[in-house]
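Structure record follows, encoded as structure tokens.
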Amino acid sequence: MNYGEAALPVALNEVGVKEFPSGSNTGPRVRDFLMGHPPEPWCADFGTWSLMQVGFPLPKFNWSYCPAWEQAARKGEAGMCISDVPKVGDVVLYDWEGDGVA
């Protein structure tokens, strides 16, 4: 089992937990993870928090920024890669604006 597969039950256990206050980009797990740093969009922070709960070593890149995750995967860092065929537990990044930025 890889880190993503192991972290999936951790993340699924958080279904229904919402950012609080609304629009703040923070919530219980993100607040715990940031350890006093100001909140950013929660997606990368929550994903990293979930992975760290199962022993994933803190990456050397900016784990709070989705484009940094993509860049690291393109370089093969932290055992990551780019795939067109996601598997259970894979980190999936989206380009919501269609501008080439995850």
Listed by first then second residue, the pairs whose first member lies in segment 1-27 and is in contact (Cβ under 8 Å) with a residue 40 or more places away in the chain, whose partner is of a type outside the set (Val, Ile, Thr) and assigned to a loop (DSSP other than H, G, I, E, B), with beta carbons under 6 Å and at least 6 positions apart or on separate chains, are 3/56; 4/89; 4/90; 5/89; 8/89; 10/53
Candidate set from segment 37-69 (those that are assigned to a helix (DSSP H, G or I) and small (Gly, Ala, Ser)); member that is farthest from residue 97 (Cα to Cα): 50
Exactly one condition in (1) at pLDDT 85 or above; (2) surrounded by fewer than 13 Cβ atoms within 10 Å (Cβ to Cβ); (3) assigned to a loop (DSSP other than H, G, I, E, B) is false for residue 74; which is it? (3)
Could you please let me know if residue 101 is at negative phi and at pLDDT below 90? no
Consider residue 90 against the criteria (1) in a loop (DSSP other than H, G, I, E, B); (2) more than 29 Å from residue 23 (Cβ to Cβ); (3) open to solvent by 40 Å² or more (accessible area, probe 1.4 Å): it satisfies all of them except one. Which criterion is unmet? (2)
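The values are calculated or read from the model by the stated rules, or taken from the named source; none is laboratory data. Small disclaimer: the values here were computed from a predicted structure and weren't measured. Using ideal geometry, Cβ is built from the backbone for each residue, glycine included, and neighbour counts are taken over all protein chains shown. All accessible areas refer to the heavy atoms of the entire protein, side chains included, with ligands and DNA or RNA removed. Shrake-Rupley method; radii C 1.70, N 1.55, O 1.52, S 1.80 Å.
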